[in-house]
Amino acid sequence: MCGIFGYMGSSNAPDIIHQGLKRLEYRGYDSWGISTIENGKIKTTKDVGHLPEKSPIESKSVSTGVGHTRWATHGGVTITNAHPHYSTDNSFVIAQNGIVENYTELKKSLENLGYVFKTQVDTEVIVKLVEHERKSSKTLRDALVKAFKQLDGRNTVIVLDSKQDQILAIRNGSPLILGTKEKDVYLASDPLAFNQYSQNIVEINNGELIEIKDNKYKIYDIYSEKYINRKPREEKQLDIEINKGDYDHYMIKEIVEQKGTILKSTNYSQKELKPLVDRLKKSKSIYTIGAGTAGYSADQIAYYLRKIANLNAISIKSYETESYLNLIDKNDTVIAVSQSGETADTLEAIEILKKQGVYISSIINMPGSTLSRLSDSFFMSNAGSEICVASTKVFTSQISFGYLLSKTVIGKYKEAKKEIYLLSTNLEDFFNNKTFKQIEKITKVLKDKEHFFILGKGQNFHIAQEGALKIKEISYKHFEGFAAGELKHGVIALIEKGTPVISIISNDSNVRDLISATQEVKARGAITIGIGDKQDENCFDYFITVADSNELKSISNVIPFQLISYYLAKELGNNIDKPRNLAKSVTVK
Ligand code: F6R
C-alpha cells in the first residue's frame with residue numbers, strides 16, 4: 001500500500017526515482033508524484049494513474065529527491081491528493097505510506113489553530129503538524145519527531161527539505177529500507193526498488209529516523225534520542241532480474257515459472273528443516289497464519305500438517321487472530337505465511353503473539369522483510385520477485401514447502417522431494433500451446449457470465465477458494481469457491497440454466513461426492529467444467545486435465561484456475577498485472 005522512494009547521489013535523481021517507483025508500483029497505482037530540489041526550490045511532478053514508461057522529468061543536473069506511488073486510503077484519486085504534499089511555505093514536502101488513524105481528531109485541532117487544509121488526504125495532517133511543531137523546535141528533524149509521536153497507526157513518512165538540502169524519513173510499521181553505494185544513498189519501501197543500483201542494505205526499525213545529507217546517512221532513535229551505528233550488509237538474495245522476458249504479462253510468466261519455483265522453495269536439506277520439525281512434533285498446537293492468498297496457503301499447510309503429519313494444526317486468518325489469542329502460548333508454534341513479509345494484518349498478529357512468548361516461524365518470499373526480523377526462524381520461498389499483483393508462483397511455493405515439511409515430520413522427506421521433482425517435470429509438459437488454447441477457448445464461453453461457482457473437497461477445498469480469489473482479482477467476475485458438501489445447504493439455490501460450475505476432481509476418496517455434486521448442478525442446467533485427473537464424460541461439458549501428480553494434486557489443480565484468470569482477464573481487456581483497486585503489499589489495516 002503506497003510505495004516511497006528517496007535518493008541523494010551522483011546520478012540524475014528524477015531518473016533513479018522514476019525507476020524506483022516503477023518497481024514499487026505493485027504497492028499502489030492510483031497516482032504518483034516525484035519531488036526534487038532544483039536551485040534550492042522543490043519542484044514536483046504528479047499525476048493520477050500509472051507512472052509513464054519513461055521518466056516524465058527532463059532535468060539532468062538534479063541529485064536529490066523523493067517519490068511516492070499511491071494506493072488511496074483517505075481522499076479520492078485526484079492530482080491534488082497525490083503525494084508528496086507541500087508545506088505552506090513550500091520549503092518541504094512529505095509523502096506517507098500508512099494511515100493516520102487519529103486523522104479526524106488531529107485535523108480538527110489543527111483547524112482550530114487556524115491551519116487550512118487543501119486536500120482530503122491524512123498525510124496533510126502530518127505536514128501541518130510538522131509546521132506547527134517547527135515553531136517551537138530547533139530543527140525540522142525535531143519538529144518531525146514531535147509530530148510523528150502524535151500519530152496513531154502504522155505510518156512511515158519521507159520528507160524532502162529544500163532549506164537544509166536533506167531527506168528525512170521515519171518508520172513505524174510500514175517498511176523502510178536504506179541502500180548505499182559509494183556516494184549514493186537510497187531509501188525505499190522494499191529493497192528491490194533500488195536492487196539494480198545497490199545490494200548493500202540497511203534495515204530500518206520502527207522508531208528510527210533517517211537523515212540523509214551531503215550524500216551520507218545517519219540513523220537516529222527517536223525514543224532514546226541517540227544516533228545508532230548500523231553498517232550496511234550485502235543482501236545476495238536480491239540479485240533478481242525483473243523483466244517480462246518473451247511474455248506479454250508478468251502473470252503468465254510467473255504462472256509458467258512454477259515448474260521451477262516449486263523446486264526452489266523446497267530446496268532445503270533435512271538438517272535445515274530439523275529444528276522446525278522437532279519443534280512441531282513437541283508443540284501442543286500449530287497455528288498457521290496469513291491473509292488473502294497467503295491465508296489460503298496457511299489453510300492448505302494446516303491441512304497437510306493435520307492430514308499427513310497427524311499434528312493438531314489450525315489455520316487462522318491474520319485479521320481474525322484476536323479470538324484465538326487466549327488459546328495460544330509458548331507450548332505452541334505459529335507458522336506465518338506471507339509473500340511480502342510486510343502485510344499489516346499479519347505483522348500485527350505476530351507482534352502480539354511474540355509478546356506472548358510464542359515461537360514464530362515464517363515462510364516469506366521478500367528478502368529483508370519485517371516479518372523475517374520478527375520471526376524466531378524463517379524459510380524463504382525463493383520464488384523470485386513476483387511482480388503481478390495476483391499471487392501465483394508464490395502460492396504454490398508456499399504450499400510445496402508446507403507439503404515437504406509435513407512429510408519430513410513423518411520421516412518421508414525423500415519421498416516428498418521425489419514427488420515434487422516429478423510434478424515439476426510434469427508441469428514442464430503441461431505448459432504447452434495445447435493447454436493454453438484449451439483454456440483460452442473455455443474463457444470465451446465464460447466471458448459473458450457474471451456468477452461462477454467452484455466446488456472442492458478435502459485436499460481441494462482451499463484450492464477452490466484460492467481459485468475463486470484468483471479469478472475475481474483479475475476478471476472482476478463473481479467467483480465463489482466452497483466445499484462441495486456445502487452445495488446442498490444453500491448455494492444450489494443460485495444455480496440456474498447456464499450458470500458455470502467448476503468442479504475440482506481428483507482421483508481420491510472424494511471423487512464420488514464431487515461427481516454427485518456436479519450431476520446435481522448439471523440437472524439444474526449448469527455448464528459443468530472439471531479440473532483434475534478424473535474425467536467423467538457423462539458429467540462435464542469441458543474438462544481440463546492437470547499435470548500428473550500423486551499426493552500433490554492440490555498444486556497441479558490450482559494452476560488451471562490461474563490460467564483461467566489470466567485468459568479471462570485478457571479476453572475482457574482488463575489490466576492483468578495491475579488489477580483495479582488492489583495492491584500487492586497491504587501495509588495498512
Ligand atoms: C492475492 C494476493 C493477496 C496476498 C495478501 C497477503 O493474489 O496476492 O491476497 O496474498 O495480500 O500478502 P502477503 O502474502 O504479502 O502477506
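The table that follows gives values for the structure above.
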item: Kirkwood Rh and Cα Rg combined as Rg/Rh, the range 35-126; result: 0.99
item: Folded to 0 to 90 degrees: helix 511-522 orientation relative to the chain principal axis, Cα; result: 80
item: Distance from the range 3-23 to the range 227-291 (C-alpha centre basis), Å; result: 27
item: Descending Cα extents along the principal axes, the range 432-576, whole Å; result: 38, 35, 25
item: Stokes-Einstein D for the range 376-420, Kirkwood Rh over Cα pairs, 10 °C, 1.306 mPa s (µm²/s); result: 136
item: Spin-label pair ASN432/LYS60, simplified geometry with 7 Å Cα→Cβ offset, distance in nm; result: 5.3
item: Long-range Cα-Cα pairs in the chain (distance over 49 Å), rounded percent; result: 14
item: Members of LYS22/LYS218; LYS447/LYS470; LYS218/LYS354 lying beyond 25 Å, as alpha-carbon distances in this model show; result: LYS22/LYS218; LYS218/LYS354
item: Cα-based reach from LYS281 at 15 Å (exclusive), listing aspartates and glutamates while leaving out same-chain residues under 8 positions away; result: ASP332
item: Debye intensity ratio I(q)/I(0), log10, the range 185-283, q values 0.13 Å⁻¹ (C-alpha model); result: -0.80
item: Fewest-first ranking of PHE430, PHE395, using other Cβ atoms within 10 Å as the exposure measure; result: PHE430, PHE395
item: Centroid-to-centroid separation of the range 335-363 and the range 292-314 [C-alpha atoms, Å]; result: 16
item: FRET efficiency for GLU322 and LYS284, using Cβ-Cβ distance with R0 set to 25 Å, rounded to 0.05; result: 0.80
item: Sites LYS216 and ASN243 - FRET efficiency at Förster radius 45 Å, r taken between beta-carbons, to 0.05; result: 0.85
item: Cross-link pairs beyond the 28 Å C-alpha cut-off, checked among LYS330/LYS393; LYS253/LYS434; LYS307/LYS488; result: LYS330/LYS393
item: D_trans [Stokes-Einstein, Kirkwood Rh over alpha-carbon pairs] for the range 8-51, 10 °C, 1.306 mPa s, µm² s⁻¹; result: 141
item: Fewest-first ranking of TYR319, TYR413, using other Cβ atoms within 10 Å as the exposure measure; result: TYR319, TYR413
item: Value of Rg/Rh across the range 250-431 [Cα atoms, Kirkwood radius]; result: 0.95
item: Tilt relative to the chain, helix 413-430 - C-alpha long axis, 0 to 90 degrees, to 10; result: 90
item: Calculated FRET efficiency for the pair ALA523/VAL77, C-beta based, R₀ 56 Å, to 0.05; result: 0.75
item: Cα Rg, Dmax (largest Cα-Cα span) when computed across the range 160-224, Å; result: 11.5, 34
item: Per residue, the convex hull volume that the Cα atoms of the range 301-341 enclose (Å³); result: 88
item: Distance histogram in 5 Å bins (all Cα pairs of the range 123-245, percent per bin); result: 2, 10, 20, 22, 19, 12, 7, 4, 2, 1, 0
item: Lysine pair count for the range 135-217 [Cα-Cα under 26 Å; pairs on different chains or 8 or more apart]; result: 23
item: Mean shadow area of the range 129-180, taken as a quarter of the surface of its Cα convex hull (nm²); result: 4.0
item: Inter-probe distance in nm under a simple model that places probes 7 Å from Cα toward Cβ, at GLU571 and GLU415; result: 4.1
item: MRE, 222 nm, helices only [DSSP H, n ≥ 4, -39500 (n - 2.57), over the chain, to nearest 500]; result: -10500 deg cm²/dmol
item: Over the range 3-238: Kirkwood hydrodynamic radius from C-alpha pairwise inverse distances, Å; result: 17.4
item: C-alpha center-to-center spacing [the range 490-559, the range 121-153] in angstrom; result: 58
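FYI, it's all coordinate maths here, none of it is from the lab. Keep in mind that what you see is a predicted model, and the values were worked out from it rather than measured. Backbone-built Cβ (ideal geometry, glycine too); neighbour counts: all protein chains shown.
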